[in-house]
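K.L.:
Pasting a structure here, questions to come.
The values are calculated or read from the model by the stated rules, or taken from the named source; none is laboratory data. Note that the structure is predicted; figures quoted are calculated from it, not measured. All Cβ positions, glycine included, derive from the backbone under ideal geometry; neighbour counts span all protein chains shown. Quick note on the areas: whole protein, heavy atoms, side chains included, nothing else; ligands and nucleic acids left out. Shrake-Rupley method; radii C 1.70, N 1.55, O 1.52, S 1.80 Å.
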Amino acid sequence: MPIVRIIILTMLAAPCLSLLLALVGAPKLAGVLIGLAAGVLLRGEPSRAAMSTLCGSASAVLIGAALGGGSGFADRMAGWPGWLAGAVLAYLIAGRGLPRKTARAERSLALPAVLAALTAAVLGCGQLAAAKAMRVTLWEDYHEWDGPGWYRDLTQAIWCPAAAVVLAAVAASRFPGGRGRFLALPIAAWLGCGATAGPLQYVQALGVTDKPASFALIAGLTGGGIGAAAAAAGLRHAGTKHGLVAFILVTTAGSAAGTWLGDFATLLEAAALMALIALVAGRTAGRDADVESGVIAGMAGPLLIWSVYLTVGPRLDDHTSQSTPYWSAWAGVPIAFVTALTAAVWAAGDDRSGSRPEPETPPQ
């Protein structure tokens with residue numbers, strides 16, 4: 001049964017392999033290897049394979065830290081998008097590669113691809129400029145009120161391009177010729193964002209003297225890649241697409257509100273995100289009459305956030321402004337799973353009961 005294989009992958013194989021690789025100093029390889037295993041074990045079910053790989057990283061962090069690795073274990077797992085690469089690999093293997101082109105002639109892809117690139121460039125640069133103006137990112141050796149914050153700024157430098165690429169790819173897919181281009185549009189958005197927002201981040205990071213500014217450029221390219229992978233999955237699954245877009249918009253609004261409302265904005269954002277997960281999961285499960293489809297759609301946003309933070313790690317040696325959101329992103333994965341599963345089961349049950357035909361009245 002798929003659920004048994006998913007449980008084995010996420011709760012047993014992922015943490016055990018991560019701990020074994022940590023002993024030989026290579027825990028970053030765990031994501032790719034688990035993705036390979038997920039793709040093989042869940043052939044024909046690419047969405048489940050990718051989700052299982054990313055969820056496996058959350059259980060690996062929990063179990064690895066609990067068994068003596070501490071927060072340092074999470075740091076050693078971070079540093080490059082290994083788990084995301086594993087999720088992409090799992091998706092491709094489980095889906096038996098990229099889908100073949102249909103024989104039906106399609107309209108030119110040039111316009112939606114250019115629109116995706118330009119939109120991603122505008123959104124990426126706009127977010128970075130706004131974050132700098134609002135002092136969300138500082139790119140300084142020492143933050144005035146909370147000490148060093150290099151990794152916090154690096155995480156923001158990953159998140160902004162990721163969000164920009166997702167939004168741009170989804171927007172471009174609505175134009176003629178863009179429907180069904182689940183691979184070309186995210187790549188075009190990635191290239192457009194990388195060519196503009198990447199150099200902008202490099203210039204912003206020149207203010208840090210003890211860290212190379214090239215890390216900011218690499219962060220931009222990495223974030224764009226994370227967004228491209230998420231957008232590709234979203235363009236092939238309507239529920240996932242809606243979940244990603246809504247989650248990004250609410251998260252961005254919450255971050256902006258936090259500048260003025262402080263901790264109260266955090267509570268509002270958390271409540272809004274939980275309601276959003278339940279809504280997306282419920283609507284998708286009811287539409288598809290499939291609980292697992294609803295769960296995948298509901299978890300898309302939290303897994304995107306977790307992928308961004310997992311790339312950098314908690315970095316307790318930097319500041320709690322990085323480690324606290326990291327652990328919040330980690331906790332969001334199991335919480336989102338429970339919320340999405342509950343909403344999806346409820347909606348699918350209501351749909352089945354509502355679609356059941358009423359018994360005919362026997363003739364008198």
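K.L.:
In this structure, does Gly243 turn out to be buried (at least 24 other Cβ atoms within 10 Å of the Cβ) and closer than 27 Å to Pro81 by Cα?
P.N.:
Here the answer is yes, as Gly243 does meet what is asked.
K.L.:
Where residues in region 20-45 are in a loop (DSSP other than H, G, I, E, B) and either in contact with a helix residue (DSSP H, G or I) (Cβ under 6 Å, 6 or more places away or on another chain) or aromatic (Phe, Trp, Tyr) (or both), which of them is least open to solvent (accessible area, probe 1.4 Å)?
P.N.:
The extreme case among them is Leu42.
The rows are residues; the columns are (1) modelled with pLDDT of 75 or more; (2) under 17 Å from the mean Cα position of the chain (by Cα).
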position	(1), (2)
Ala281	yes, yes
Arg287	yes, no
Gly301	yes, yes
Ser321	yes, no
Thr324	yes, no
Trp327	yes, yes
Thr342	yes, no
Thr361	no, no
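K.L.:
Considering only residues that are buried (at least 24 other Cβ atoms within 10 Å of the Cβ) and not hydrophobic (A, V, I, L, M, F, W, C), which ones fall in region 226-240?
P.N.:
Gly227, Gly234, Gly239, Thr240
K.L.:
Of (1) touching a helix residue (DSSP H, G or I) at 6+ places or on another chain (Cβ under 7 Å); (2) assigned to a helix (DSSP H, G or I); (3) more than 29 Å from Ala340 (Cα to Cα), Gly223 satisfies all except one. Which?
P.N.:
For Gly223, the failing item is (3).
K.L.:
Given the criteria modelled with pLDDT under 90, in contact with a Pro (Cβ under 9 Å, 6 or more places away or on another chain) and of a type in the set (Gly, Ala, Ser), does Ser255 qualify?
P.N.:
no
K.L.:
Here is a follow-up. Among Val208, Val250, which is the only one that is at pLDDT 90 or above and among the β-branched types (Val, Ile, Thr)?
P.N.:
So the residue among Val208, Val250 that is at pLDDT 90 or above and among the β-branched types (Val, Ile, Thr) is Val250.
K.L.:
Can you go through Thr196, Thr251 and tell me which one is open to solvent by 30 Å² or more (accessible area, probe 1.4 Å), part of a helix (DSSP H, G or I) and either within 17 Å of Arg181 (Cα to Cα) or in contact (Cβ under 8 Å) with a residue 12 or more places away in the chain (or both)?
P.N.:
Residue meeting the stated conditions: Thr196.
So that you can scan it fast, the table gives a plain yes or no per residue for (1) touching a Leu at 6+ places or on another chain (Cβ under 9 Å); (2) surrounded by 13 or more Cβ atoms within 10 Å (Cβ to Cβ); (3) at pLDDT 90 or above:
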| position | (1), (2), (3) |
| --- | --- |
| Arg96 | no, no, no |
| Lys101 | no, no, no |
| Ala117 | yes, yes, yes |
| Leu123 | yes, yes, yes |
| Leu128 | yes, yes, yes |
| Ala133 | no, no, no |
| Trp139 | yes, yes, no |
| His143 | no, yes, no |
| Pro148 | no, yes, no |
